[in-house]
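The structure appears right after this line, and notes come after that.
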Amino acid sequence: MGVVVGNSFWFDFEVELMEFLQRTIGDTGISIISFFSYFGEELILILLLGFLFWCYDKKAAIYIGTNVMVGLVFTPLIKNFFWRRRPYFDHETIKCLRPVDKKADIYDIAAQGFSFPSGHSTNSATVYGSLARFYKKPVFTAVAFILPLLVGLSRVIVGCHYPTDVLFGWLSGALIIFVIPALVRRFSEEKRWIIYLIIFLISCIGLLYCKTSDYYTGLGLMGGFFLSVEFDRRVVKFENTRKPLWCITRLLGGFIIYFALNTLLKMPFSKVFLDSGVFLANIVRFIRYTIVAFVTIGVYPLVFRVEKVFSKNN
């Protein structure tokens, strides 16, 4: 694959605002606001969805998870269309204080991704907005406004996104949480696989032009999630639990399987190949995340049946 260069475009006020914020807030302030980026990242999303799906409320997890999966794919589809370079690529006065991929060169666009729109902003607006729409409680409504605001602000301050990236990310999240549930509701639970298949096939258009790894990660997670939901409906049919011990056990087991399986599936391939960005490496990434998501979300809950044996013995 050729070197991905990207496009440079911005409004002057964006650069001036970012320079002002980084200059004025200072190192301590930046460290504090940078923390809120976590609330739009993979680990927090996995933690929240895992808790909801395995423990607290499977229906809420499916509702929120469907929206999140769409966001994870929709964002890189747009990013790879506009190819907007991150602010610090074109402005030496703007520092990159929190790269997307901490292990890669900050100027490696294939690894760091494009700038427009902000994935963190889309993710936060989608997940917390979905929580608010599903539960319809004032506390979740407040969270749906406050956390995305802080996440978006953090992405600007750490130099990874222009303000317009963040604004469009918020709009994307708002669009997803209103449109996707409306489409899903048109299908009964037994035929929900149809809309899942339609969404997935439309999302596959990115195979024709997407160059960055985030698209293939998102597409794999989406495919694995949709397969898992249907597999649970037809085969597993596990029940949620509010018992603290079982909740902790389920969460720990799920995270161990997720990260262990992700590592195991990398082992047959060299790091050079996996990081090369060639189409075949991206397809391997897609397959890897599909398997990881399906095993973790769909197959792993079969283990929960053991809980009944322990409960009877006690």
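The values are calculated or read from the model by the stated rules, or taken from the named source; none is laboratory data. On a predicted model such as this, the values are computed, not experimentally measured, just so you know. Counting neighbours? That spans all protein chains shown, and the Cβs are built from the backbone with ideal geometry, glycine included.
Under the condition of being hydrophobic (A, V, I, L, M, F, W, C) and over 26 Å from Pro244 (Cα atoms), which residue from segment 27-67 is nearest to the chain's Cα centre (by Cα)?
The selected residue is Phe36.
For segment 125-155, which residues satisfy the criterion of being crowded, with 20+ Cβ neighbours inside 10 Å, at pLDDT 95 or above and of a type in the set (S, T, N, Q)?
Correct list: Thr126, Ser130.
Kindly list, by first and then second residue, each pair from a residue in segment 265-287 that is on the phi > 0 side of the Ramachandran plot to a residue that is surrounded by fewer than 19 Cβ atoms within 10 Å (Cβ to Cβ) and of a type in the set (A, V, I, L, M), limited to pairs with Cβ atoms under 9 Å and residues at least 6 apart or on different chains.
From residues that are on the phi > 0 side of the Ramachandran plot, the pairs are Gly277/Met1; Gly277/Val4.
When you scan segment 192-211, do you find a residue that is under 16 Å from the mean Cα position of the chain (by Cα), of a type in the set (Val, Ile, Thr) and at negative phi, even just one?
There is no residue in segment 192-211 that is under 16 Å from the mean Cα position of the chain (by Cα), of a type in the set (Val, Ile, Thr) and at negative phi.
For segment 1-86, which helices (runs of 4 or more DSSP H) that fit wholly inside it have 2 or more residues that are of a type in the set (Phe, Trp, Tyr)?
So the answer is 12-34, 58-82.
Within segment 185-192, can one find any residue that is surrounded by 17 or more Cβ atoms within 10 Å (Cβ to Cβ) and either out of contact with any Leu (no Cβ under 6 Å at 6 or more places or on another chain) or farther than 25 Å from Arg305 by Cβ (or both)?
yes
I'd like the full set of residues that are of a type in the set (Lys, Arg) and at pLDDT below 95, limited to segment 267-314.
Passing the criteria: Lys271, Arg305, Lys308, Lys312.
Does Leu72 meet the test of being of a type in the set (A, V, I, L, M, F, W, C) and within 15 Å of the chain's Cα centre (by Cα)?
It is true that Leu72 is of a type in the set (A, V, I, L, M, F, W, C) and within 15 Å of the chain's Cα centre (by Cα).
Being on the phi < 0 side of the Ramachandran plot and either touching a His at 6+ places or on another chain (Cβ under 8 Å) or of a type in the set (Lys, Arg) (or both) is the filter here, so list the residues in segment 236-264 that pass it.
Arg242, Lys243, Arg250
Got a number for residues in segment 87-127 being part of a helix (DSSP H, G or I) and either without any contact (Cβ under 8 Å) to a residue 40 or more places away in the chain or under 30 Å from Phe273 (Cβ atoms) (or both)?
Filtering segment 87-127 down to residues part of a helix (DSSP H, G or I) leaves 87-90, 109-112, 119-127.
In the following step, the residues that additionally are either without any contact (Cβ under 8 Å) to a residue 40 or more places away in the chain or under 30 Å from Phe273 (Cβ atoms) (or both) were identified as 88-89, 109-112, 119-120, 122-123.
Count: 10.
If I ask for residues that are closer than 29 Å to Ile198 by Cα and out of contact with any helix residue (DSSP H, G or I) (no Cβ under 7 Å at 6 or more places or on another chain), which ones from segment 234-258 would you list?
Arg234, Val235, Lys237, Glu239
Within segment 156-175, count every residue that is within 17 Å of Ile44 (Cβ to Cβ), modelled with pLDDT under 95 and not in a loop (DSSP other than H, G, I, E, B).
Looking only at that region, the number is 0.
Taking into account only those residues within segment 159-175 that are hydrophobic (A, V, I, L, M, F, W, C) and buried (at least 24 other Cβ atoms within 10 Å of the Cβ), which is farthest from Ser124 (Cα to Cα)?
Residue satisfying both the conditions and the ranking: Cys160.
Any chance you could count how many residues in segment 204-217 are assigned to a helix (DSSP H, G or I) and in contact with a Phe, Trp or Tyr (Cβ under 8 Å, 6 or more places away or on another chain)?
If we filter segment 204-217 for residues that are assigned to a helix (DSSP H, G or I), which is where we start, we get 204-208, 213-217.
Narrowing further to those that are in contact with a Phe, Trp or Tyr (Cβ under 8 Å, 6 or more places away or on another chain): 206, 216-217.
Matching residues across segment 204-217 total 3.
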